[in-house]
1. Kindly list the number of the only condition in (1) loosely packed, with under 15 Cβ neighbours inside 10 Å; (2) at pLDDT below 80; (3) more than 22 Å from Pro14 (Cβ to Cβ) that fails for Phe153.
2. Give the residues of region 81-116 that are at pLDDT 90 or above, over 20 Å from Ile26 (Cα atoms) and of a type outside the set (Phe, Trp, Tyr), sorted by residue number.
3. Quick one: which helices (runs of 4 or more DSSP H) sit completely within region 1-108 and have at least 2 residues that are among the small types (Gly, Ala, Ser)?
4. Given the conditions (1) modelled with pLDDT under 95; (2) closer than 22 Å to Glu123 by Cα, report the number of the one that Ser16 does not fulfil.
5. Can you go through Ala31, Ala35, Ala45 and tell me which one is of a type in the set (A, V, I, L, M, F, W, C), touching a Lys or Arg at 6+ places or on another chain (Cβ under 9 Å) and farther than 16 Å from Leu92 by Cα?
6. Within region 1-41, count every residue that is of a type outside the set (Gly, Ala, Ser) and in contact with a Cys (Cβ under 8 Å, 6 or more places away or on another chain).
7. Could you tell me which of the residues Ile39, Ile11, Ile30 is in contact (Cβ under 8 Å) with a residue 12 or more places away in the chain and surrounded by 24 or more Cβ atoms within 10 Å (Cβ to Cβ)?
8. For region 109-134, which residues satisfy the criterion of being touching a helix residue (DSSP H, G or I) at 6+ places or on another chain (Cβ under 6 Å) and in a loop (DSSP other than H, G, I, E, B)?
Amino acid sequence: MSSANPPVGLISNPGSGHNRDQFERIQTRIARCPAIHHIVTPGMADVGPALVEFARRRVGVLAINGGDGTASHILGKMLEGGLFDPLPFIVLLPGGTANMNAGDIGVRGSLWKATERFCRWCEGDRATAGRVAQRALLRVKLAGQAAPQFGMFLGGGAIIQGTEFAHREVHARGMRDDFSLALTTVRTVWGIL
């Protein structure tokens with residue numbers, strides 16, 4: 001980043017995995033970091049207006065505090081909406097359950113440690129040397145769905161379907177721990193075979 005640091009935007013999904021039991025603490029820490037424009041999006045419909053606001057503010061860094069499904073949804077809205085020119089850097093915080101994307105290119109550590117590191121980076125010089133990774137995104141258009149979805153893994157379609165299955169069938173029944181992740185993984189793999 002240059003010495004004239006662009007604004008930082010953060011979208012948080014309070015209902016995703018690790019956020020459910022830590023969100024108040026995470027939100028309190030973020031509130032103490034004036035460099036971050038934080039918008040909480042309780043539902044998918046809230047993402048579009050949040051992105052419009054961040055485009056208006058010309059954010060150069062867009063952080064996502066949520067899981068793989070949240071990241072997929074936000075990236076899709078951002079890329080399909082054409083709101084940003086140039087596109088912002090993306091920072092992923094591990095606020096979900098599986099956190100495959102954040103585990104690959106996100107801020108390292110538990111959600112609390114990653115949030116603390118991200119806030120310190122925002123409060124500091126925002127050096128990016130050795131910290132920027134580039135990934136290709138998969139654009140997946142499922143039959144019967146109007147909007148394409150985006151992911152970062154070869155099994156992107158399976159991951160998207162697995163995430164949707166987890167929300168619809170597993171999490172809706174109150175199962176939200178590591179067992180639910182294992183159950184969803186088995187069901188998704190079974191569906192592929």
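The values are calculated or read from the model by the stated rules, or taken from the named source; none is laboratory data. A quick note: this is a predicted structure, and the numbers were derived from the prediction, not measured. We place every Cβ from the backbone using ideal geometry, glycine too, and count neighbours over all the protein chains shown.
1. (1)
2. Of everything in region 81-116, those that are at pLDDT 90 or above, over 20 Å from Ile26 (Cα atoms) and of a type outside the set (Phe, Trp, Tyr) turn out to be Gly81, Gly82, Leu83, Asp85, Pro86, Leu87, Pro88.
3. Fully inside region 1-108 and qualifying: 47-56, 68-81, 100-105.
4. With respect to (1) modelled with pLDDT under 95; (2) closer than 22 Å to Glu123 by Cα, Ser16 is out only on (2).
5. That would be Ala35, the only listed residue that is of a type in the set (A, V, I, L, M, F, W, C), touching a Lys or Arg at 6+ places or on another chain (Cβ under 9 Å) and farther than 16 Å from Leu92 by Cα.
6. Here the count works out to 6.
7. Testing whether each residue is in contact (Cβ under 8 Å) with a residue 12 or more places away in the chain and surrounded by 24 or more Cβ atoms within 10 Å (Cβ to Cβ) leaves just Ile11.
8. Selection gives Ala133 alone.
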